[in-house]
Amino acid sequence: MIQKILIAISIPFFFLLQACVFTSLELGNVIPNLMVLIVCVYGFFYGEKTGAICGFFAGLLMDIFFSEMLGLNALIIMLIGYANGGFSGLFYAEDIRLPLILITLSDASFGLMYYISTFLMRGRLDFTAYSINVICPEIFYTLLVSLAIYPVLLGIDTLFKNYRIRKERERQQDV
């Protein structure tokens, strides 16, 4: 239950952080993709189903406020959340390499899928310019921001897991 509340609060929080704070902190005309970041983290913390659900709602928020096509970001980020959920069995809290690799690959996948569905379908074939000017700087910026955000999310998750374990032990001792 606490996990669901945490997710329900954090998705709008990170959306507002991305839309309000990081738009004023643009680097090279890009902002970090915090929606992909949060969906990746929740995907490999909690599994495929949670990653997909988080991805759908995070992408839907992006679609409602920033996109011309309703559902495109929701679909792309939902797929990214589901894919990251497949790595939940490999997740170890001590190792930051796997989350950073997954966040990097997920952001690159988002940029590629977004390019294919919005630019390539319209005949804009200059992928090199798009990747140099948009995808690569966004990946770098998202990775840089994830170095600060990921440990905070991991600490909050660990805190809630320890709380849940403690409550279960108390409940077992009462029986």
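Report yes if some residue within the range 13-20 is more than 18 Å from Leu143 (Cα to Cα) and either among the β-branched types (Val, Ile, Thr) or at pLDDT 95 or above (or both); otherwise report no. Explain how you work it out, then say what you get.
Going through the range 13-20, the residues more than 18 Å from Leu143 (Cα to Cα) turn out to be 13, 16, 20.
Narrowing the set further to residues that are either among the β-branched types (Val, Ile, Thr) or at pLDDT 95 or above (or both) leaves 13, 16.
Within the range 13-20, one or more residues are more than 18 Å from Leu143 (Cα to Cα) and either among the β-branched types (Val, Ile, Thr) or at pLDDT 95 or above (or both).
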Task: Test set (1) farther than 24 Å from Tyr92 by Cβ; (2) within 14 Å of the chain's Cα centre (by Cα) - Ile139 fails condition number - done: (1)
Task: Among the residues listed as Val30, Val36, the single one being closer than 21 Å to Gly155 by Cβ and touching a helix residue (DSSP H, G or I) at 6+ places or on another chain (Cβ under 8 Å) - done: Val36
Task: Selection from the range 92-130 of residues that are surrounded by fewer than 18 Cβ atoms within 10 Å (Cβ to Cβ), under 16 Å from Phe45 (Cα atoms) and in contact (Cβ under 8 Å) with a residue 40 or more places away in the chain - done: Ala93, Ile96, Leu98, Leu100
Open item on the list: Between a residue in the range 146-165 that is among the charged types (D, E, K, R) and at pLDDT below 95 and any residue that is loosely packed, with under 11 Cβ neighbours inside 10 Å and in a helix (DSSP H, G or I), which pairs come within a Cβ distance under 6 Å, given they are 6 or more apart or on different chains?
Closed with: none
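Within the range 24-130, considering only helices (runs of 4 or more DSSP H) that don't extend past its boundaries, which have at least 1 residues that are modelled with pLDDT of 95 or more?
On the way: elements: 34-46, 48-66, 72-85, 97-118, 127-130.
Correct list: 34-46, 48-66, 72-85, 97-118.
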Task: Flag if Ile53 is touching a residue at least 24 places away in the same chain (Cβ under 8 Å) and closer than 19 Å to Val134 by Cα - done: no
Open item on the list: Tell me whether the range 8-19 contains one or more residues that are over 21 Å from Gly85 (Cα atoms), in contact (Cβ under 8 Å) with a residue 24 or more places away in the chain and in a helix (DSSP H, G or I).
Closed with: yes
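The values are calculated or read from the model by the stated rules, or taken from the named source; none is laboratory data. Owing to the predicted nature of the structure, the values given are computational and were not obtained by experimental measurement. No Cβ is skipped: glycine too gets one built from the backbone with ideal geometry, and neighbour counts run over all protein chains shown.
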